Amino acid sequence: MSAYLTPAGLTGAGIGLVFGVGLVLIIWRISARRIRLVDRVAPYLQERPTTSRLLADSHVVTPFPTLERIVRPVARDIGGVLERLGSGAGSIRRRLVRAGTSTTLEAFRTEQVIWATLGLAIGLVLALIIGVARGVSLLPLIVLVVLCAVGGALLRDHRLTQQVQQRERRMIAEFPTIAELLALSVGAGESPLAALERVARSTRGELAGEIGLMLADVRSGVGLGPALDGMARRTELASIARFTDGIGTAVERGTPLSEVLRAQAQDAREVGHRALMEEGGRREVLMMIPVVFLMLPVTILFAVFPGLSVLAITL
């Protein structure tokens, strides 16, 4: 088995693997160019665009737009494989909205393909190093390369989840201040809609941006109630949902809004305080790990070693 794991053998195996993958991709794209029944019927069922599709501005993610347009059909096909791995299109669309980004699903799939390609390159380098240094058989190295590629795609999905969590934490931190500013504006005699416009103009942040989007929906002709419901659906936060429900109820029934907003701000501060205390408790447990596993053994060693040395000399 070691005769096949020489540098020349690994180089030949890598060239053969690249050639095989390229041949499979060529056959795959040739078979994908066949016109399907859906493609024949679609022009007669959908609305014909008023302008040329060549003038449509496509979202470009990478600094290589031509290469991106070539890779995009492949990324669309790989997206089906990623959906089977748990990265569903519906979940990605919801998280893209919650992350507050303008990235489309196709652009996100392209980014996943780029991350998977980087993972594939890292896996190939690791496989070559391990194969030359350790003399491992070919099958575990192939598994390592595949796992690195899949891990790169899933890592981009995990990064999107982290972006959503970070944005939601910022919105929760901004909510008490926004609620109290609205309570002050409403208490001063302004209408809820005017108070929302004032807060959107005078503040900056994620929650202020969501309020601006909601006001843009209102100015485009959507009612205040549906616009508030849309804001709650975009954020998917319980505190923001209660906030929008309180404003909608106050506008519809004419109930006083300032006291409701102050109570919500106080509740949000208490929730933030409890979350901070829970995070402090978790950090305290994590801080015990170096104390127990590093400092305590060294202290015991310093205390016991002189006694052991004296016993060894006595014996």
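Peptides 152-165, 248-261 ranked from most to least packed by the mean count of surrounding Cβ atoms within 10 Å: 152-165, 248-261.
Quick one: which of 138-146, 13-21 comes out on top by average Cβ neighbours within 10 Å, and what's the full order, highest first? Display every interim value, and only then the final one.
Values: 138-146: 15.1, 13-21: 11.9.
Output ranking for 138-146, 13-21: 138-146, 13-21.
Karplus-derived 3J(HN,Hα) values for the stretch 222-239, using 6.51 cos²θ - 1.76 cosθ + 1.60 with θ = phi - 60°, are 7, x, 5, x, x, 5, 5, 4, x, 5, 5, 5, 5, 7, 6, 10, 5, 5 Hz; glycine and proline are entered as x.
Apply the a/c threshold of 1.5 to the C-alpha gyration tensor of the stretch 170-271 and tell me whether it is rounded, prolate or oblate.
Details: a/c = 1.29, a/b = 1.09, b/c = 1.18.
Verdict is rounded for the stretch 170-271.
Bear in mind these aren't lab numbers, they're just calculated from the coordinates by the rules spelled out. Only a predicted model underlies this, so the values are computations on that prediction, with no experimental measurement involved. Here Cβ is always computed from backbone atoms with ideal geometry, including for glycine, and neighbour counts include all displayed protein chains.
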